[in-house]
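Right, I'll just put the structure down here and ask away after.
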Amino acid sequence: MYQPECSQADLEPRDTLLHLQDLVRAPSGRGPAAEIHSLFARFKSRFGEPAALWAQRNLAAHRTTVKTIFYPFGGPDLLFPFHLFPQAHEYILVGAEPCGPWPPAGGLDGLALAGIADILRHYLDSSYFVTKDLRAQLTSSGIGGVLPLLIAQIAHAGLPLHRIDPVDGSGTAIRILFGDRAAPTRLTYFQQDLRDEHWSREAPLSRHLEAGDRFATFVKSASYLLHEAPFERLRRLLRERTDLLVQDPSGIPYSLLSAWGWHIELHGRFVADIPVFAKYDQSDLAAAYGDSDELPALPFGIGYLNDADTAGLIVAAPQSWDPSCGS
């Protein structure tokens with residue numbers, strides 16, 4: 001549970017948070033701080049900058065109107081939606097991991113930095129977190145939750161951190177304000193199991209989504225959960241509230257998007273996903289890629305297919321989508 005030591009009315013970043021930002025941005029040094037900086041630099045070169053350039057060319061009509069990005073199964077992955085939609089006013093991330101207390105009881109020491117480096121390494125080198133490994137690492141490192149991982153990513157983007165607030169008293173959601181102080185960007189993280197029987201209308205995530213406008217949805221490295229029966233409520237929500245969908249092949253089934261009558265654009269390549277997901281039938285998606293004219297490869301890998309030569313993205317929108325209307 002996130003337990004700020006100061007009042008909710010005055011949750012300014014503490015020295016340890018600012019120190020973490022400085023360490024992530026530092027171009028030199030030794031030990032965990034240097035490794036964190038190096039990991040972020042490699043991510044920027046391999047994934048971040050190519051993804052931003054691709055989005056400028058392929059999502060331009062949408063990026064002028066999208067205000068909110070909803071990222072189910074995103075966990076503490078801020079960098080991908082941030083690079084694809086840097087103009088968004090709010091990023092809503094949902095994961096299985098707790099927010100966690102921060103700073104550590106003993107302050108920000110080398111052990112804490114080493115834990116952050118260990119946790120971020122696979123994500124920044126491969127473009128996704130492994131859920132079971134992330135849970136174990138958060139526990140073994142003593143970090144306990146995703147908050148320092150999110151702060152590190154904001155710092156890497158070179159953006160100032162302004163406030164950290166609990167969303168409500170449940171301890172399962174936090175809001176971070178960063179960027180322009182006059183009009184800060186919101187990052188709202190919810191710890192929420194998205195299976196139908198675990199996600200009630202009274203949950204903080206449900207209340208937050210119901211109070212907001214329509215949104216763009218980003219799905220990546222989702223373990224094909226949107227192909228599974230227990231996620232019908234989420235599929236229905238995405239169909240009803242999404243103005244724009246950007247996803248890798250692990251998101252909403254291609255056959256379902258077609259049945260909804262959505263406009264679908266295919267980018268990059270797709271033949272099959274990694275073997276662990278072979279049980280999910282994606283033959284229709286592979287056939288659609290095969291039927292398309294020769295598509296240019298993505299300039300970056302993403303999700304489980306993190307080699308640019310094999311990676312693909314699906315951009316879809318309801319047929320009624322009007323780029324002159326904001327989401």
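The values are calculated or read from the model by the stated rules, or taken from the named source; none is laboratory data. This is a predicted model, so every value here is computed, not measured. Note: ideal-geometry Cβ built from the backbone for every residue, glycine included; neighbour counts use all protein chains shown. We work out accessible area using only protein heavy atoms, side chains counted, and drop any ligands, DNA or RNA first. Shrake-Rupley method; radii C 1.70, N 1.55, O 1.52, S 1.80 Å.
Taking the range 196-214 as the search range and keeping residues that are part of a helix (DSSP H, G or I) and open to solvent by less than 50 Å² (accessible area, probe 1.4 Å), which one is nearest to residue 129 (Cα to Cα)?
Checked the range 196-214; the qualifying residue nearest to residue 129 (Cα to Cα) is 205.
Taking helices (runs of 4 or more DSSP H) that fall entirely within the range 109-179, which contain at least 2 residues that are crowded, with 20+ Cβ neighbours inside 10 Å and touching a residue at least 60 places away in the same chain (Cβ under 8 Å)?
Of the helices (runs of 4 or more DSSP H) lying wholly inside the range 109-179, those with at least 2 residues that are crowded, with 20+ Cβ neighbours inside 10 Å and touching a residue at least 60 places away in the same chain (Cβ under 8 Å) span 110-126, 147-156.
Let me ask something else. Considering only the range 1-105, give the helices (runs of 4 or more DSSP H) lying wholly within it that have at least 1 residues that are out of contact with any helix residue (DSSP H, G or I) (no Cβ under 6 Å at 6 or more places or on another chain), at pLDDT below 80 and hydrophobic (A, V, I, L, M, F, W, C).
15-25
Hey, another quick one. Looking at the range 312-327, is at least one residue of a type in the set (Ser, Thr, Tyr), in a strand (DSSP E or B) and over 19 Å from residue 56 (Cβ atoms)?
No; the residues of the range 312-327 include none that is of a type in the set (Ser, Thr, Tyr), in a strand (DSSP E or B) and over 19 Å from residue 56 (Cβ atoms).
Something else: Being outside any strand (DSSP E or B) and out of contact with any helix residue (DSSP H, G or I) (no Cβ under 6 Å at 6 or more places or on another chain) is the filter; apply it to the range 182-195 and report the residue that is surrounded by the most Cβ atoms within 10 Å (Cβ to Cβ).
Here the residue is 184.
Go through (1) in contact with a Ser or Thr (Cβ under 9 Å, 6 or more places away or on another chain); (2) free of Cβ contacts under 8 Å to residues at least 60 places away in the same chain; (3) within 16 Å of residue 196 (Cβ to Cβ) one by one and return the number of the condition residue 269 breaks.
For residue 269, the failing item is (3).
Conditions (1) surrounded by fewer than 17 Cβ atoms within 10 Å (Cβ to Cβ); (2) more than 26 Å from residue 316 (Cβ to Cβ), marked per residue:
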{"residue": "31", "(1), (2)": "yes, yes"}
{"residue": "41", "(1), (2)": "yes, yes"}
{"residue": "49", "(1), (2)": "yes, no"}
{"residue": "62", "(1), (2)": "no, no"}
{"residue": "75", "(1), (2)": "no, no"}
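Would you pick out the residues in the range 215-234 that are surrounded by fewer than 18 Cβ atoms within 10 Å (Cβ to Cβ) and either in a helix (DSSP H, G or I) or among the charged types (D, E, K, R) (or both)?
225, 228, 229, 230, 232, 233
Do you know which residues across the range 260-291 are farther than 20 Å from residue 307 by Cβ and either touching a strand residue (DSSP E or B) at 6+ places or on another chain (Cβ under 7 Å) or crowded, with 18+ Cβ neighbours inside 10 Å (or both)? Let's see the steps before the verdict.
Pass one, the range 260-291, residues farther than 20 Å from residue 307 by Cβ: 260-265, 279, 281, 283-284, 287-288, 291.
Of everything in the range 260-291, those that are farther than 20 Å from residue 307 by Cβ and either touching a strand residue (DSSP E or B) at 6+ places or on another chain (Cβ under 7 Å) or crowded, with 18+ Cβ neighbours inside 10 Å (or both) turn out to be 262, 263, 264, 265, 288.
Now for a different question. Can you name the residue in the range 239-258 that is within 15 Å of residue 320 (Cα to Cα) and either free of Cβ contacts under 8 Å to residues at least 24 places away in the same chain or in a helix (DSSP H, G or I) (or both) and, of all such residues, is least open to solvent (accessible area, probe 1.4 Å)?
257
Report, by residue number, each residue of the range 190-230 that is in contact with a Leu (Cβ under 6 Å, 6 or more places away or on another chain) and among the hydroxyl-bearing types (Ser, Thr, Tyr).
Correct list: 217 only.
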